[in-house]
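Working notes, structure below.
The values are calculated or read from the model by the stated rules, or taken from the named source; none is laboratory data. Source: prediction; values computed, not measured. Here the Cβ positions follow ideal geometry from the backbone for every residue, glycine too, while neighbour counts run over all protein chains shown. Note: areas computed on protein heavy atoms with side chains; ligands, DNA, RNA excluded. Shrake-Rupley method; radii C 1.70, N 1.55, O 1.52, S 1.80 Å.
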Amino acid sequence: MGEWKTYTVAELAAPGKHSLATGPFGSAIASRHFREAGVPVIRGGNLSVDVGTRLSDDGLVFISVEKANEFQRSVATEGDLVFTCWGTIGQVGIIDDKAVHGRYVVSNKQMKLTVDESIVRPLFMYYAMSSPEMISRVQGASIGSSVPGFNLTQLRSIILSVPSLSEQRAIVEVLGALDDKIALNERIRETSLLLANACYEAAGASGESMLIGELAELFDGPHATPHKTEAGPWFLSISSLKNGYLDLAESAHLSEEDFPRWTRRVQPEAGDVLFSYETRLGDAALMPPGVRSSLGRRMALLRSKSASISGALLLHAYLSPAFQEEIKRRTVYGATVDRLPLKEMPGWRIPLPAEGERERLSARLEALHASVMQTAAENRTLADLRDTLLPQLLSGKLQVRDAVRAVEEVV
C-alpha cells in the first residue's frame, strides 16, 4: 500500500477562481425564473446523504441559458461535486458520466467543488465526502440556530487523507462495481414493474368490479410508533411504498421484545398489498417473502381471500387508474391531513379483469414481481457490503485486493 497524504479540501480544488463556489446569492434565482426547459438547477432535494444516490433528477427546475450565463461561478459540469450548505447538510452529489444533463447551476443553498485531478479523482472525492464518518463530521460542525448550515470556509478546511491516483482508481473500481450492479438491478426492477403494469392494462378491466370486502381481508396497523432500534424486525414506513415496490431502505427496525405488541392486530405476509390510508394516498406495494415486519403508522393491508386473485393482481387493481379515481372520490379531506375511511373500504368496488383471465394474469404478475423482489433483496446485500467496505478502504485499513475478493463473491 502506497503512502497516503493529507490535504485540505481547498488544496484539492482545481486551480481557478470558480473551483470552490457557492450558488447565486439570495433570490437571484427564484421561482419566477423557472422555465419548462433550459439549464437545470441543483437544489437540496436533488442531493442525498445516501452514497448510492449520486444525483437525483427528480424535481429538477430549469432556468434559461441566458440566466444561467449570469452565474458562471455556480455552474457545475461533469466531475464536479455539489454540497448542501443550508438545510440537510452532509448531502453530497456528483455530476458523473451518467448524469442526464451536461451543465447545471447550483442553487443558493448549495456549494460546488471542481477537484484538481492531478491529485484526486472526482469519484474518490465523492466517496470520501459521502462516508458516514465525514457526514457525521459535517453535521457535527453545523452552524445556524434554526436551519443547519455548513459554509464554504468550513468546507475548504476539511482535511482528507488521499492515496496515489492509481490506488484511488482501484478503490473507486471496487466501490463502483457494487454501485453499477445496484444500478443494473434497479433498471431490472423498473422494467419488471413497467411490464407488470402493461400486462394488467392489456388484460383490461371487464367492468365486473367486485366489492373489496368480498375478495380481500382488510387489516389496520398500529396507531403509535415503537422505539426504533439498529436491528431487528422491520417497522415499515409509508415512505417505503414506491408505486408497487417496497423499498425497505426507507423503513426502520424495532426490537424483538416490542414485535409481538406491534403485530397484535396483524403481521404482514408475503403477497399482502400494503397501502397508506393517510398522507401518501393511492400508493401501495407488494409484501415480499422472508421479511419479518409490522405495519407502520398510517398503514393498512389487503390480503386476498380468492385463489384466482393473487396479491400481485390485487396490487395492480389497486394501482389502476380507475381505482385511483375511486380513492380520490372517497378521500376525506382534512385541515391537516387527508385520509381514507378504512371502515367503509370493504364496501368499495374495485375493477378486475374478466374472471377467466384472472388466474393467467396472476401468474404473469407474480413472476414479474418475483424479479422485483429478488433484485431488491440483492441490492440490500450489495449496499450493505459497499457501506461496510467504504470506510475501511477510505481509511486504508483494508487493502483493495481483500475488498475485491469480497465483491467478487456477490457481483
Check your understanding: Does the stretch 257-267 contain at least one residue that is outside any loop (DSSP other than H, G, I, E, B) and crowded, with 18+ Cβ neighbours inside 10 Å?
Key -> yes
Check your understanding: Can you name the residue in the stretch 2-34 that is touching a helix residue (DSSP H, G or I) at 6+ places or on another chain (Cβ under 6 Å) and not in a strand (DSSP E or B) and is also farthest from ALA68 (Cα to Cα) among such residues?
Key -> GLY2
Review point. What is the number of the single condition among (1) open to solvent by 20 Å² or more (accessible area, probe 1.4 Å); (2) farther than 29 Å from ALA383 by Cα; (3) of a type in the set (A, V, I, L, M, F, W, C) that ALA270 does not meet?
Key: (2)
Practice item. Can you tell me which residue within the stretch 116-136, out of those that are among the hydroxyl-bearing types (Ser, Thr, Tyr) and farther than 20 Å from ASP97 by Cα, is least open to solvent (accessible area, probe 1.4 Å)? Key: SER131
Exercise for review: For the stretch 356-368, state whether one or more residues are assigned to a loop (DSSP other than H, G, I, E, B), modelled with pLDDT under 90 and open to solvent by 50 Å² or more (accessible area, probe 1.4 Å).
Suggested key: no
Revision key, fill the gap. Of all helices (runs of 4 or more DSSP H) fully inside the stretch 119-238, the set with 2 or more residues that are at pLDDT 90 or above, within 23 Å of the chain's Cα centre (by Cα) and aromatic (Phe, Trp, Tyr) is 122-130
Check your understanding: In the stretch 296-341, what residues are under 15 Å from ARG280 (Cα atoms), aliphatic (A, V, I, L, M) and in contact with a Leu (Cβ under 7 Å, 6 or more places away or on another chain)?
Key -> MET299, ALA300, LEU301, ILE327, LEU340
Check your understanding: If you go through the stretch 236-245 one residue at a time, how many are open to solvent by 10 Å² or more (accessible area, probe 1.4 Å), at negative phi and not hydroxyl-bearing (Ser, Thr, Tyr)?
Key -> 2
Exercise for review: Could you list, in sequence order, all residues of the stretch 35-51 that are in contact with a Phe, Trp or Tyr (Cβ under 6 Å, 6 or more places away or on another chain) and either in a loop (DSSP other than H, G, I, E, B) or surrounded by fewer than 16 Cβ atoms within 10 Å (Cβ to Cβ) (or both)?
Suggested key: ARG35, ALA37, GLY38
Exercise for review: Output the residue which, of all residues in the stretch 273-309 that are among the hydroxyl-bearing types (Ser, Thr, Tyr) and open to solvent by 20 Å² or more (accessible area, probe 1.4 Å), is nearest to GLU366 (Cα to Cα).
Suggested key: SER308
Check your understanding: Inside the stretch 108-118, can you point out the residues that are farther than 14 Å from ASP80 by Cα and at pLDDT 95 or above?
Key -> SER118
